[in-house]
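First up is the structure itself, then whatever we jot down about it.
The values are calculated or read from the model by the stated rules, or taken from the named source; none is laboratory data. Just so it is clear, the model here is predicted, and its values are computed rather than measured. Please note: Cβ atoms are built from the backbone with ideal geometry, for glycine as well, and neighbour counts cover all protein chains shown.
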């Protein structure tokens, strides 16, 4: 099984992601901020929780934004939660924050008055289990049923675009996963999503970046 670098920029559930990867068979998992070690790994994971402004700021301050861009051209890369949102062009969180621009699209606030079409008021953040509809046939969906449930915690969402790999609904339709070339990213937390999440991580370990 491959080696995996989990990018450490001071934000995210780094060790829970690492433990989940080890659980599904990763040969070597290293939580690191060292550019050389990240780029030497077979696969790279970009996690993230909290405010996107802080995540992007820390990533850039450490010079890891360029490392993410390089890794995205060379090997399988998995973004998780804010790690996914940072891959898009821009988020309206914190008054507006530019992302890394690997994917087209914007990140929007659910709003303080989020409601379903029925009028039911919804709590923000969107927290808990929800169904994900797979939009494309991708290796990371292998052995995961259509409309499987995953665990979410977020107040901002990515608008679905042409590179959406999975969709979810919570008052609005949003991108639960995006994919392009050898990059796959999820709004949900696979490391907290039990069987389905562990299957996705296992799929990531054997994925060669092609589909």
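Apart from one condition, residue 95 fits all of (1) on the phi > 0 side of the Ramachandran plot; (2) in contact with a strand residue (DSSP E or B) (Cβ under 9 Å, 6 or more places away or on another chain); the exception is (2). Within region 175-192, the set of residues being at negative phi and assigned to a loop (DSSP other than H, G, I, E, B) comprises 182, 187, 188, 189. All of 124, 132, 97 fail the test of being farther than 28 Å from residue 4 by Cα, out of contact with any helix residue (DSSP H, G or I) (no Cβ under 8 Å at 6 or more places or on another chain), surrounded by 13 or more Cβ atoms within 10 Å (Cβ to Cβ) and modelled with pLDDT of 95 or more, apart from 124. The sole residue among 67, 17, 44 that is under 18 Å from the mean Cα position of the chain (by Cα), in a strand (DSSP E or B) and surrounded by 17 or more Cβ atoms within 10 Å (Cβ to Cβ) is 44.
Within region 119-148, the set of residues being under 23 Å from residue 206 (Cβ atoms) and touching a strand residue (DSSP E or B) at 6+ places or on another chain (Cβ under 7 Å) comprises 132, 134, 135, 136, 138, 140, 141, 146, 148. Candidates in region 150-167 are the residues that are over 12 Å from residue 88 (Cα atoms) and in contact (Cβ under 8 Å) with a residue 40 or more places away in the chain; of these, the one that is surrounded by the fewest Cβ atoms within 10 Å (Cβ to Cβ) is 162. Within region 36-55, the residues that satisfy the criterion of being touching a strand residue (DSSP E or B) at 6+ places or on another chain (Cβ under 6 Å) and either free of Cβ contacts under 8 Å to residues at least 12 places away in the same chain or within 13 Å of residue 12 (Cα to Cα) (or both) are 45, 46, 47, 52.
In region 70-93, the count of residues that are in a helix (DSSP H, G or I), more than 26 Å from residue 4 (Cβ to Cβ) and in contact (Cβ under 8 Å) with a residue 24 or more places away in the chain is one or more. Filter region 141-162 for residues that are part of a loop (DSSP other than H, G, I, E, B) and at pLDDT 95 or above; which is nearest to residue 97 (Cα to Cα)? Ranking the qualifying residues of region 141-162, first place goes to 155.
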